[in-house]
Amino acid sequence: MGNKLFDDIHSGLEQKRDNLYHWLEATPEQKQEVQLGSADEATVEQHLHVIDDSLGKIEEGTFGICEICHEPVDSELLQMDYTATVCLGHFTDEQLRQLETELELSQVVQRALLPQQVPAIDGLNIAAFSRPAQIVSGDYFDFVDFKDGAHGFVVADVSGHGVSAGMLMTSLQMAFHTLVPDATSPLDVLERINRVYLHNINFTTFVTVFFARFDPGTRVLTYANAGHNSAYVHRAAGKGETWLHPTGPAIGLMEGFNIRAEEVKLEPGDTLLLYTDGVTEAADPGGLEFGEDKLAEVVGQNAGSSVEELIQKILRALRDHTNGIPLIDDVTLVVCKVK
């Protein structure tokens, strides 16, 4: 374990700290509230304290020393979790089994992007659209089945843009494809991904995620919203609307990850819309954002359209609102209509 590893960790932590400070200073309060879920700013400050503590130990020369034997902690372990303070030789059997699983996941999430396709799901019509603001997108959407055959829908948005954001989205997709087929709950998947990302030196930002499980037999959608935009359900036959608000904080944003699952029953004719903030934050020449209310209005006015037509109607409304100005953020839409 040489100086280069510590230099890499130091550089990664500084970048992560700078990203978090920029988020605190530059992100509007309303958007912060969404990404924090039910938590508050103090939890981010706690995460910053952990980062600063690690940076201080590197500078003091006390970083990466085992609390038990006072020998250097394994380099692979430090890369995965920079807060590690115990050598692998002192782990319990249970801790070693968990670490082995998470090390396998950490390796898997570095691999190439798998192809995406819209699935055929009984009782649903589905369409999706994603367009990057730059060459590489920081948005991600996917469909992955759970262990028991229930269908998973995910839409995510990494903080930032360009190649680094796209690389993180690639790793996130691999994480979902690795974990969901062995899981039965959205919570289990998000909690494990957060554990892998939070203290990993290769991930220097955070990710908002809306992840849901759909059971065609009951038409129940079980979801967890990790600091992401509220998904929208337009009810059929004038029965109103439902917003699926955040149920916890964004992944990798703070120490402690308290997130809950909620359920919503979908009825025939209902429309479920998942999207990223590139849609609602698209601004006109005067700076006025498209917003959730306008998005809901477009969906309501075109409730009788097919899912493919609805996406085109939303995109047309965005172009009209921005007066044709190129969008500055990635745009992703997933529309599901219950048959």
Original post:
Ranked highest first by average number of other Cβ atoms within 10 Å, how do 203-213, 260-270 line up?
Top reply: 203-213, 260-270
Subject >> segment 28-97: mean projected area of Cα convex hull, nm² >> reply: 6.8 nm²
**OP:** With a 1.4 Å probe and all protein chains in place, put Arg192, Arg316 in order of accessible area, largest first.
**Re:** Arg316, Arg192
**OP:** Working with all protein chains in place, sort Cys69, Cys87 by solvent-accessible area computed with a 1.4 Å probe, largest first.
**Re:** Cys69, Cys87
**OP:** Take the Cα coordinates of segment 265-339, assign each an equal point scatterer, and use the Debye formula without solvent to give log10 I(q)/I(0) at q = 0.11, 0.12, 0.27 Å⁻¹.
**Re:** -0.27, -0.32, -1.33
**OP:** List the equivalent ellipsoid semi-axes of segment 194-337 in whole Å, largest first, each obtained as the square root of 5λ for an eigenvalue λ of the Cα gyration tensor.
**Re:** 27, 23, 11
Original post:
What translational D, rounded to a whole number of µm²/s, comes out for segment 148-243 from Stokes-Einstein when the hydrodynamic radius is the Kirkwood one over Cα pairs, at 4 °C and 1.567 mPa s?
Top reply: 88 µm²/s
Original post:
In whole percent, what relative contact order does the chain give with Cα contacts below 8 Å and a gap of six or more residues?
Top reply: 20 percent
Original post:
Full extension from Thr218 to Leu315: what is 0.36 nm times the residue separation minus their Cα-Cα distance, to one decimal in nm?
Top reply: 31.8 nm
**OP:** Considering only protein heavy atoms, with the full assembly of protein chains and a 1.4 angstrom probe, order Thr222, Thr276 by accessible area, largest first.
**Re:** Thr222, Thr276
Subject >> Relative packing of 35-41, 58-64, 22-28, which averages over residues the other C-beta atoms within 10 Å, highest first >> reply: 35-41, 58-64, 22-28
**OP:** Can you figure out the FRET efficiency of Thr184 with Glu262, using R₀ = 22 Å and their beta-carbon distance, to the nearest 0.05?
**Re:** 0.85
Subject >> With Cα atoms, 0 to 90° folded angle of helix 93-108 axis to the chain main axis >> reply: 60 degrees
Original post:
Tell me, what ³J(HN,Hα) does each residue in segment 193-198 have, in order and in whole Hz, if you take phi through Karplus 6.51 cos²θ - 1.76 cosθ + 1.60 with θ = phi - 60° and put x for Gly and Pro?
Top reply: 5, 5, 4, 5, 7, 4
Subject >> Residue-wise HN-Hα coupling along segment 172-177, computed from phi with Karplus coefficients 6.51, -1.76, 1.60 (Hz; x: Gly, Pro) >> reply: 5, 4, 5, 5, 5, 5
**OP:** Could you work out which residue, out of Ile259, Ile65, Ile251, moves most in a Gaussian network model of the chain, that is, has the largest mean-square fluctuation with Cα springs under 10 Å?
**Re:** Ile65
Subject >> Pairwise FRET efficiency - Val50 versus Glu71, Cβ, R0 = 25 Å, nearest 0.05 >> reply: 0.65
Subject >> Within the chain, helix-based [θ] at 222 nm, where runs of 4 or more DSSP H residues each add -39,500 (n - 2.57), nearest 500 >> reply: -13000 deg cm²/dmol
Original post:
At a probe size of 1.4 Å, how large is the accessible area of Leu253, to the nearest 10 Å²?
Top reply: 0 Å²
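The values are calculated or read from the model by the stated rules, or taken from the named source; none is laboratory data. As the structure is a prediction and not an experimental result, all values here were calculated from the model. Virtual Cβ from ideal backbone geometry, glycine too; neighbours counted across all protein chains shown. Remember, those area values only see protein heavy atoms, side chains included, never the ligands or the DNA or RNA. Shrake-Rupley method; radii C 1.70, N 1.55, O 1.52, S 1.80 Å.
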